Amino acid sequence: MRKMLRPECPDWLAENQSRWTQTYCQRREQNPSANFAWPQHEGRKINHNLQQLLGESTDGHCSYCDGGFPLGSASRDTIDHFKPKEAYCTEAFTWENLYLACDCCQQVKSNRYSDNLLRPDLLDFDFSSYFQFNYRNGHLEPNPLADEEKQQQAIETIRLLGLNEHERPWARLSELNKFTCLSMDKQRELLGTFNYRFLMEMELQDQ
Ligand SMILES: [Zn+2]
């Protein structure tokens, strides 16, 4: 997870969100298993607008794992509801509840949520304040120097997003290995094209 700066809520969302929210919540009330569908604005499904807008702020990376670059080709880009829309229908169109996510994070997280789940756009978010990287096995771990609350948040975030599952630890080690083989100039030039930039940034800080 890498710090993300959230852009301003777009006007088309601010102007329509209460109407869209009301419609969705009413549908859920009538039929609790009703499917969610993104509404259209000016003839375009709004998830496409959101993908573009949020993708600019993450430079085409997943907001949760910072992988999947470039989203849309290396991994399908999806808009995740941080608080699941099924349980929190009033948050279905809340700007702060919407994050660009890769397929893997979206599938693992699914409808799960905890108040401890970390948001990459938290004002004081910084990878090292919550996590450390295990260079032996590629796992993300809670930073043992962080206070108890932050460690719990890190543990829950790793679990709910499955950050140490599947091939993800290996993928992080492999990406870091590719990065460290580059000259320092190339590292700075190509940083944005790498997955898991929080690891590369720690490397650059150490130089
Ligand atoms: Zn992801």
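Angle, helix 11-30 long axis vs. longest principal axis of the chain, Cα atoms, 0 to 90°, nearest 10? Value to nearest ten degrees: 70.
Given +1 on the Cβ of Lys and Arg, -1 on the Cβ of Asp and Glu, and no further charges, what dipole in debye does the range 86-207 carry about its Cα centre, rounded to the nearest 20? Working shown, then result.
Working: 12 positive and 21 negative charges, 99 e Å.
Here the size comes out at about 480 debye.
Spatially, the range 144-207 and the range 18-80 are offset by 26 Å when compared through their Cα centroids. How high is the relative contact order of the range 11-206, in percent, with contacts defined as C-alpha pairs under 8 Å that are six or more residues apart? Worked out over the range 11-206, it gives 17 percent. For the set 25, 181, the ranking by accessible area, highest first and with no ligand, DNA or RNA atoms included, is 181, 25 under a 1.4 Å probe. Normalised per residue, the accessible area of the range 11-206 is 52 Å², obtained with a 1.4 Å probe and no contribution from ligands, DNA or RNA. The listed residues 112, 168, once ranked by accessible area (1.4 Å probe) with the largest placed first, stand as 112, 168.
To the nearest 20 Debye, how big is the dipole of the range 41-139 about its Cα centre, given +1 on the beta carbon of each Lys and Arg and -1 on that of each Asp and Glu? Could you put the intermediate results ahead of the total?
On the way: 9 positive and 14 negative charges, 76 e Å.
Computed about the Cα centre, the dipole is about 360 debye.
Listed by chain and number, the aspartates and glutamates whose alpha-carbon sits under 19 Å from that of residue 85, ignoring those within fewer than 8 places in the same chain, are 29, 77, 96, 103, 115. Rounded to the nearest 10 square angstrom, residue 184 shows an accessible area of 100 square angstrom against a 1.4 Å probe. Estimated from helical segments only, the mean residue ellipticity of the chain at 222 nm is -13000 deg cm²/dmol, where each DSSP H run of four or more residues counts as -39500 (n - 2.57).
Between the Cα long axis of helix 197-206 and the first principal axis of the chain there is an angle of about 30°, rounded to the nearest 10.
The values are calculated or read from the model by the stated rules, or taken from the named source; none is laboratory data. This is a predicted model, so every value here is computed, not measured. With ideal geometry, Cβ positions are generated from the backbone for all residues, glycine too; neighbour counts draw on all protein chains shown. Heavy atoms of the whole protein, side chains included, go into the accessibility calculation; ligands, DNA and RNA do not. Shrake-Rupley method; radii C 1.70, N 1.55, O 1.52, S 1.80 Å.
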